[in-house]
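Visitor: Have a look at this one.
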Amino acid sequence: MKRTPMRHGAATLAVALLALSACGRDADTKSTDTGDDGDTTSTESGGGFIDPAQDCSDYDGTAGITGDTIKIGTVRPASGPYAIYDTVTKGLEALVTATNSKGGVKAGDGKTYKLELVKGDDGYDPARTPAEVERLVDQEKVFAIVGEIGTSNNLAVRQTLNDKCIPSIGLATGSTEWGKAKEYPWFIGGLPSYATEAHHLMEWLKKEKPAAKIALLYQDDDFGKAYQASIETSIEGSDITVVAEESFNPLTETSPESKVAALSASGADVFFVGIGGSPCPAAVKAVPANWTPLTLVSVTCTGKLAMALAGGKDEGLVAVQATYDPGTAADQSNPKIKAFFDEGGAAGLSQGDLEGGIAAAGWGFGSMFVKGLELTDTVDRASLMNALWQLDGVNYGLMLDDAKASTKGGDDPWVIEDLRIVKRQAGSWNEIAPLTSYDGTSNDFAG
Amino acid sequence: MSAAGRLRDTRSIIVVSGVLVVVVLALPQVLDAFWTRRITLWIPLALAALGLNLLTGYNGQISVGHGALYGVGAYSTALILNEWKWPQLAAIAASAVICFVAGVAVGLPALRIKGLYLALVTLAVATLFPQVLEQFSGTTGGSAGLAITNQEMNRRGVLADRAIRVEAPTWTGLADDQWAYYVFLAVAALCFLVVRNLVRSRVGRSMIAIRDNEVAAEVSGVNVAIVKVLTFGVSAALAGVGGAIFAILQARVSSGSFTLVASLYFLVAVVVGGSASIAGPAIGAVAIGLFQDVVTPALPESVTPWDLNAKAATPLILGTMLILLMLAAPGGIVGSARQLRARLAVRAQRPADGPIPTPTTGGTP
């Protein structure tokens, strides 16, 4: 009881301190980190898809640009079973190094910018992504997120980044969610829509195997379910049927072997592998000797590195392709691949990484960002997005020479929509059906 | 202990707690928004550890399933906010009730199963929980997660999801992150106060009696079954409050946050802080928070010449440190502090050249 007055004193002190300090920190601690051209507050972006004056509550268009250096961030798994995807980021990093060693990017505003890349590791666990992205945005003050890996991982931060008006460019995912540019105009995917990919495979199948019986293995998340939904929609009205389905959860299961065994007993003559990471080639490897289906694999696992994990069962696999494959001899003479080999090699990529296909993907995501910078009249967040939202038949990175990237804001939010079908033959991917353009229609296959 | 010594002891306690209170209240004023959000996320960890400590430290029941109960709180809150649009504090309270019921359900087998076997049962709960979330991914969002959102017309007139976040009322003059910190700190302070009073009450003495000797407690008239089950329930409710706050802060829940690893972190917080103490779980949570948010990001991703990923080795480092800590200070941080204080008290009482008085155990709450 004796202590009561002192306690009251302490409590009063605490309350007083709280009340006083309430005004201690300014409501906006975000020091507007304007570059040296802070006065040219993008008049161009007014007419574009994004209008920061209308779309953003507090917008800082040039955060992350210091002098002539633009800082970008990415999040990827550098540990755990999906660490194979770290190679994507190695490719992105190589592009940044290669760009800087060429002197930088000559942006549309006439200046030349160097790039700086900061990385976060979320172990492919979407529960860990928000903290990593917060660190990149609030601590590192990156200008944009480029090539972040994983559908669920990107979804975990979509709301936050969109609210803060921070560009997310060349996402390493093709989930149909990235077609929702009207709701989330700050997100732009780096891969073809998984739905378009599956649709294209189904269209090809209708000609090649009109009565196909499909055994479907899909990843139990937005990535795999995009395949599932698109297949269902695409085979409607045809004689193709899905005779068996198994889902695979990358976070709780380690090997898809038992799922493949179950599917092999279904009597299917087509096996669709709609999973990613190292479990994808593991599923191909697990196909038993007495089951000889035509196997279709996800575009995410067509690289040489993934194929090497298929236990010699990669012969005859069929997949969709939108870019050249650095692991295929015929493609290696292409000037783009040659440049990738020279510059990427000089930037530190090993021969295995160069040919593996995964690093090439990251190189492509970075190239999309660079392309956007080249096209934008003003280098700020909204103008860059607007440049990417009105692409008019451009070609960048390792895209097939005849492929064109066109976008039109929310009406055509997909960058890569020109696809061809390739078959794995003697360690190479050979074209078996020519380039088909789905420009402006990718959202139709989302199911 | 002499009256003067006791007074000095009491005074020093008041001074130390006063300084602590000031520091804790001033933190969001000193730190930027990023760090304020990070330390706010330590609050749910402290609450879950508080719940676990009540069960393990005071009642002697081991649970490695609190990650699941924490998850039940988080998902209850997410679903309540999404479906019924309740106020956030009401959702937290509702989650506490739901978790109390869930805790009682998990606690029932504990009447027959003890020690290691109880740990195994709760281990099963912890392992099953993420699988259950996957099984009902239509409702829970599975590993992709479930965003806590409202459908709102956005500025361009498109109906879009908007995250439900903690927003500071304008009269406070505080930023949203600062407001969230103070509100949840107040919730946590309330919970800690409730637990402190609970363990000092008759029920609390029953809990401790059961921990120390169940048969003796029963002979003395303690209703062992009811006390054990209720302790499990209260403990789960506290974990649920923690989970609810976690969900609100993230505006999103996903199964990856509620794995066995979460349960183990709670256990580590209890052990590091010092079990069977009120401040222990909070101190342990701060220790883990510092480790996760300050130490880990500073670790290099590649240690030459072996190209080791030190960041990925975080659990290994944490485990090693835990073993060393247990060898050096089995009572955790609070235990060590008590020992230190007792030693200092002995030294202070020793007259210039008189005999050494018997050390007392007084002065500890």
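Visitor: From other protein chains only, count the Cβ atoms within 10 Å of every residue's Cβ in A:222-233, then give the mean.
Guide: Per residue, the average neighbour count from other chains is 1.
Visitor: Follow-up. Whole Å is fine, so just give me how far the alpha carbon centre of the stretch A:160-228 lies from that of the stretch A:309-339.
Guide: 21 Å
Visitor: Averaged over every viewing direction, what's the projected area of the C-alpha convex hull for the stretch B:206-275? Give it in nm², one decimal, please.
Guide: 5.9 nm²
Visitor: Once the dipole of the protein assembly as shown is set up with Lys and Arg at +1 and Asp and Glu at -1 on Cβ about the Cα centre, which of A:328, B:237, A:115 lies farthest towards its positive end?
Guide: Comparing the listed Cα positions along the dipole, B:237 ranks first.
Visitor: From Cα coordinates alone, what are the radius of gyration and Dmax values for the stretch A:208-286 in angstrom?
Guide: 12.2, 36
Visitor: Assuming 1.306 mPa s and 10 °C, estimate D for the stretch B:12-55 with Stokes-Einstein, Rh taken as the Kirkwood radius over Cα pairs, in µm²/s.
Guide: Answer from the Stokes-Einstein relation: 132 µm²/s.
Visitor: Can you list residues from other chains, or at least 5 along the same chain, whose modelled amide H is less than 5 Å from the amide H of residue A:323?
Guide: A:400
Visitor: Let me ask something else. Per residue of the stretch B:135-142, what does 6.51 cos²θ - 1.76 cosθ + 1.60 with θ = phi - 60° give for ³J(HN,Hα)? Whole Hz please, x for Gly and Pro, Karplus curve as stated.
Guide: Each residue of the stretch B:135-142 in turn: 4, 9, 5, x, 8, 8, x, x Hz.
Visitor: Longest segment of chain B with no chymotrypsin sites (Phe, Trp or Tyr not before Pro) in a DSSP loop having at most 16 other Cβ atoms within 10 Å?
Guide: Of all site-free stretches, the longest is B:137-305.
Visitor: Still on this structure, I have one more. Sequence neighbours fewer than 8 away in the same chain don't count; with that in mind, list the aspartates and glutamates whose C-alpha is under 12 Å from residue A:336.
Guide: Leaving aside aspartates and glutamates fewer than 8 places away in the same chain, those within reach of residue A:336 are A:325, A:401.
Visitor: For the stretch B:69-178, take every pair of Cα atoms, bin their distances at 10 Å starting from 0, and report each bin as a whole percent.
Guide: Binned Cα distances yield the sequence 12, 31, 31, 17, 7, 2, 0.
Visitor: Still on this structure, I have one more. How long are the three semi-axes of the equivalent ellipsoid of the stretch A:344-447, in whole Å, if each is the root of 5 times an eigenvalue of the C-alpha gyration tensor, listed from largest down? Please report the intermediate quantities before stating the final value.
Guide: Values: eigenvalues 138, 92, 21 Å².
Over the Cα atoms of the stretch A:344-447, the ellipsoid semi-axes are 26, 21, 10 Å.
Visitor: Can I ask one more? What are the residues whose amide H is under 5 Å from the amide H of residue A:252, where those residues sit 5 or more places off or on another chain and H is modelled from the backbone?
Guide: none
Visitor: Using modelled amide H (1.01 Å from N, peptide plane; none on Pro or chain starts), what sits under 5 Å from the amide H of residue A:242, excluding residues fewer than 5 places away?
Guide: The answer is A:214.
Visitor: Just to be sure I understand: of the beta bridges DSSP finds with both ends in the protein assembly as shown, what percent are antiparallel, rounded to 5? Before the final figure, lay out each step's value.
Guide: On the way: 26 of 60 bridges.
That works out to approximately 45 percent antiparallel.
Visitor: About the Cα centre, and with charges only on the beta carbon of Lys, Arg (+1) and Asp, Glu (-1), how big is the dipole of the stretch A:122-221? Nearest 20 debye, please.
Guide: 440 debye
Visitor: From the P(r) of chain B, can you give the percent of Cα pairs sitting at distances over 32 Å?
Guide: Details: 25263 of 66430 pairs.
I get 38 percent for the Cα pairs in chain B exceeding 32 Å.
Visitor: Local charge sum around residue B:332 (other residues, Cβ-Cβ under 15 Å, Lys/Arg +1, Asp/Glu -1)?
Guide: +2
Visitor: Let me ask something else. If you place +1 on the Cβ of every Lys and Arg, -1 on the Cβ of every Asp and Glu, and leave all else neutral, what size is the dipole of chain B about its Cα centre, to the nearest 20 Debye? Walk me through the numbers before you get to the answer.
Guide: On the way: 25 positive and 16 negative charges, 204 e Å.
Computed about the Cα centre, the dipole is about 980 debye.
Visitor: Each residue of the stretch B:80-97 in turn: what ³J(HN,Hα) in whole Hz from Karplus with 6.51, -1.76, 1.60 and θ = phi - 60°, glycine and Pro shown as x?
Guide: Karplus-based 3J(HN,Hα) across the stretch B:80-97 equals 5, 5, 5, 8, 10, 6, 5, x, 4, 5, 5, 5, 5, 4, 4, 5, 4, 5 Hz.
Visitor: By DSSP, what percent of the beta bridges with both residues in chain A are antiparallel, rounded to the nearest 5?
Guide: So the antiparallel bridges amount to about 35 percent of the total.
Visitor: Residue farthest toward the positive end of the dipole of the protein assembly as shown, with Cβ of Lys/Arg at +1 and Asp/Glu at -1: which of A:316, B:69, B:140?
Guide: Checking the options against the dipole of the protein assembly as shown, the answer is B:69.
Visitor: Using unit Cβ charges (K, R positive; D, E negative) and no other charged atoms, how large, in debye to the nearest 20, is the dipole of the stretch A:361-447 about its Cα centre?
Guide: The dipole of the stretch A:361-447 has a size of about 380 debye.
Visitor: From the convex hull of the Cα coordinates of the protein assembly as shown, what is the mean projected area in square nanometres?
Guide: Numbers: hull surface 158.3 nm².
If you wrap the Cα atoms of the protein assembly as shown in a convex hull and average its projections, you get 39.6 nm².
Visitor: Still on this structure: Helix-derived [θ] at 222 nm for chain B: sum -39500 (n - 2.57) over DSSP H runs of at least 4, divide by residue count, nearest 500? Display every interim value, and only then the final one.
Guide: On the way: 15 runs with 235 residues, N = 365.
Counting only the DSSP helices, I get -21500 deg cm²/dmol.
Visitor: So, one more: Do you know the relative contact order of chain A, to the nearest whole percent, from alpha carbon pairs under 8 angstrom that are 6+ apart?
Guide: Relative contact order of chain A: 18 percent.
Visitor: Now a separate question. In whole Hz and in residue order, list the ³J(HN,Hα) couplings for the stretch B:314-328 that follow from phi through the Karplus curve 6.51 cos²θ - 1.76 cosθ + 1.60, θ = phi - 60°; x for Gly and Pro.
Guide: After applying 6.51 cos²θ - 1.76 cosθ + 1.60, I find 3, x, 5, 5, 4, x, 4, 4, 5, 4, 4, 5, 5, 5, 7 Hz.
Visitor: Would you list which aspartates and glutamates come within 13 Å of residue A:404, measuring only between C-alpha atoms, while excluding same-chain residues fewer than 8 positions from it?
Guide: List returned: A:392, A:417, A:418, A:439.
Visitor: In whole percent, what relative contact order does chain B give with Cα contacts below 8 Å and a gap of six or more residues?
Guide: Over chain B, the number comes to 29 percent.
Visitor: Rounding to the nearest 10 and keeping the result within 0 to 90°, find how far the Cα-based axis of helix B:202-212 lies from the longest principal axis of chain B.
Guide: The angle comes out at about 80 degrees.
Visitor: Same structure, new question: Given a cut-off of 38 Å, what percent of all Cα-Cα pairs of chain A lie beyond it?
Guide: 25 percent
Visitor: For the charge dipole of the stretch A:172-303, defined by +1 on Lys and Arg C-beta atoms and -1 on Asp and Glu C-beta atoms about the Cα centroid, which residue among A:271, A:256, A:188 has the Cα displaced farthest towards the positive pole?
Guide: Of the candidates, A:271 comes out farthest on the positive side.
Visitor: Of all chymotrypsin sites (Phe, Trp or Tyr not before Pro) in the stretch A:407-447, which ones are in loop regions per DSSP and have a Cβ with at most 16 other Cβ atoms within 10 Å?
Guide: Sites meeting the loop and neighbour criteria: none at all.
Visitor: Between 0 and 90 degrees, rounded to the nearest ten: what's the tilt of helix A:335-346 against the longest Cα principal axis of chain A?
Guide: Between helix and principal axis, roughly 50 degrees.
Visitor: Let me know the mean shielding of A:239-246 by other chains, meaning the per-residue number of their Cβ atoms within 10 Å of its Cβ.
Guide: Partner Cβ neighbours, averaged per residue: 0.
Visitor: Whole Å is fine, so just give me how far the alpha carbon centre of the stretch B:238-262 lies from that of the stretch A:391-422.
Guide: 40 Å
Visitor: Say a site is exposed when it is one of the trypsin sites (Lys or Arg not before Pro), sits in a DSSP loop, and has at most 16 other Cβ atoms within 10 Å; what is then the longest site-free stretch of chain B?
Guide: Longest site-free region, per DSSP loop and neighbour criteria: B:157-365.
Visitor: Within a Cβ distance under 11 Å of residue A:305, other residues only, what is the Lys/Arg minus Asp/Glu net charge?
Guide: Net charge in that neighbourhood comes out at -1.
Visitor: In addition: Can you give the translational diffusion coefficient of the stretch A:124-186 in µm²/s, computed by Stokes-Einstein from the Kirkwood radius over Cα pairs at 20 °C and 1.002 mPa s? Walk me through the intermediate numbers first.
Guide: Values: Rh = 11.7 Å.
The estimated diffusion coefficient comes to 184 µm²/s.
Visitor: Continuing with this model, one more query. Can you divide the C-alpha Rg of the stretch B:1-97 by 2.2 N^0.38 Å and report the result to two decimal places? Before the final figure, lay out the partial values.
Guide: Values: Rg = 18.9 Å, N = 97, 2.2 N^0.38 = 12.5 Å.
Ratio of Cα Rg to 2.2 N^0.38 Å: 1.51.
Visitor: Hey, another quick one. Output the 0 to 90 degree angle, nearest 10, between the alpha-carbon long axis of helix A:194-208 and the longest principal axis computed from the alpha carbons of chain A.
Guide: Once rounded, the angle reads 10 degrees.
Read-outs throughout are calculated quantities, based only on the coordinates presented, and are distinct from any laboratory measurement. The structure presented is a predicted model; accordingly, all values stated were derived computationally and were not measured. Quick reminder, even Gly has a Cβ in these numbers, built from the backbone with ideal geometry, and neighbours come from all protein chains shown.
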